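Shown next, in structure tokens, is the structure this report addresses.
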Amino acid sequence: MTGQTPRLSGNGMTLAYDKRVIAEELSVEIPDGSFTVIIGPNACGKSTLLRALSRLLKPSTGAVLLDGRDVHSQPTRTVAKTIGLLPQSSTAPDGITVAELVARGRYPHQSILRRWSAEDERVVTESMEATGVADLADRHVDELSGGQRQRVWLAMALAQQTPLLLLDEPTTYLDIAHQIEVLDLCAELHERQGRTLVAVLHDLNHAARYASHLIAMKSGRVARCGQPGDVLTAELVEEVFGLPCRVIDDPETGTPLVVPAARRLATSPQQV
């Protein structure tokens, strides 16, 4: 962490659903301009943390700070102009087309004095082209496959044009080729446009390849955070995931590559 206060952070948070506590005294900082990826086993609090950072879940204690102020004290439209979210699962209104859904990403930019403009139209078109759904513009969202719908929701998040973009398992439902396409797109947003991205990913090797900053979680706490090469060690993977492994250099990128230990096969008696 640097001495500079980041735009987005969580301090001393207790995160709970009703009386079921997911995390206590949880603090995180999202480095400005980073591609931060949150990793950890199932039910460790990854998506809950993302929901808190995106203002969908209010901490029972502690606070999420956006630009130094409690995110829940700020107007919804102000937050929506700063933080975009691709949730883990979304339901589109019946009968809505792809273009109409993506256009909803421009809502925070509309007002009584500012109506739909050529700029809005351009952003929507570019967002659909970037995610490969431009040819689906007139299709109804409920007619699409799971992978197509995921890319449409990502296009809507892009159309919001926020400096902070939060993504909860953005590669869900996608085959390996489309997973790489989406993550390459996220990397481009980070590198070329300077956006701060925060994503929850299950694939450790994808996380290591694309992240500039990793947060490893276990049981509602941060087990370790930092650059992928410092975080993703064989010891950390076994401690957090219970998975014996080797961590080697990815031959394509030089980033950490997790290789699970091979299952030991029983030796069959030699036949006489």
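The values are calculated or read from the model by the stated rules, or taken from the named source; none is laboratory data. These numbers were taken from a predicted model, which means no experiment stands behind them. Glycine also receives a Cβ, built like all others from the backbone with ideal geometry; neighbour counts cover every protein chain displayed. For the accessible areas, the whole protein counts, side chains as well, though only heavy atoms, and no ligand, DNA or RNA atoms are used. Shrake-Rupley method; radii C 1.70, N 1.55, O 1.52, S 1.80 Å.
What helices (runs of 4 or more DSSP H) completely inside the range 133-210 contain at least 2 residues that are more than 15 Å from the chain's Cα centre (by Cα) and among the aliphatic types (A, V, I, L, M)? Don't jump to the end; show me each part of the working.
Working: elements: 146-159, 176-193, 204-210.
Per the criteria, 146-159, 176-193.
Could you check, for the range 100-111, whether at least one of its residues is open to solvent by less than 30 Å² (accessible area, probe 1.4 Å), of a type in the set (A, V, I, L, M) and touching a strand residue (DSSP E or B) at 6+ places or on another chain (Cβ under 7 Å)?
Within the range 100-111 (the criterion being open to solvent by less than 30 Å² (accessible area, probe 1.4 Å), of a type in the set (A, V, I, L, M) and touching a strand residue (DSSP E or B) at 6+ places or on another chain (Cβ under 7 Å)), the answer is no, since none of the residues qualifies.
Screening the range 112-132 for residues that are of a type outside the set (Asp, Glu) and assigned to a helix (DSSP H, G or I) and picking the one that is surrounded by the fewest Cβ atoms within 10 Å (Cβ to Cβ) gives ALA118. If only residues of the range 81-105 that are of a type in the set (Val, Ile, Thr) and assigned to a loop (DSSP other than H, G, I, E, B) are counted, the one that is nearest to THR125 (Cα to Cα) is ILE96.
Would you confirm whether or not the range 236-258 contains a residue that is hydrophobic (A, V, I, L, M, F, W, C), crowded, with 16+ Cβ neighbours inside 10 Å, under 20 Å from MET128 (Cα atoms) and in contact (Cβ under 8 Å) with a residue 60 or more places away in the chain? Looking for residues that are hydrophobic (A, V, I, L, M, F, W, C), crowded, with 16+ Cβ neighbours inside 10 Å, under 20 Å from MET128 (Cα atoms) and in contact (Cβ under 8 Å) with a residue 60 or more places away in the chain, one finds none in the range 236-258, hence no.
When you scan the range 139-150, do you find a residue that is over 30 Å from VAL231 (Cβ atoms), of a type outside the set (Val, Ile, Thr) and modelled with pLDDT of 95 or more, even just one?
Within the range 139-150 (the criterion being over 30 Å from VAL231 (Cβ atoms), of a type outside the set (Val, Ile, Thr) and modelled with pLDDT of 95 or more), the answer is yes, since at least one residue qualifies.
For the range 111-122, check the following and say yes or no: at least one residue is touching a helix residue (DSSP H, G or I) at 6+ places or on another chain (Cβ under 9 Å) and of a type in the set (A, V, I, L, M). No, there is no match, as no residue in the range 111-122 is touching a helix residue (DSSP H, G or I) at 6+ places or on another chain (Cβ under 9 Å) and of a type in the set (A, V, I, L, M). Looking at PRO6, PRO93, PRO31, PRO59, just one residue is within 19 Å of SER212 (Cα to Cα), open to solvent by 10 Å² or more (accessible area, probe 1.4 Å) and free of Cβ contacts under 8 Å to residues at least 60 places away in the same chain, and that residue is PRO6.
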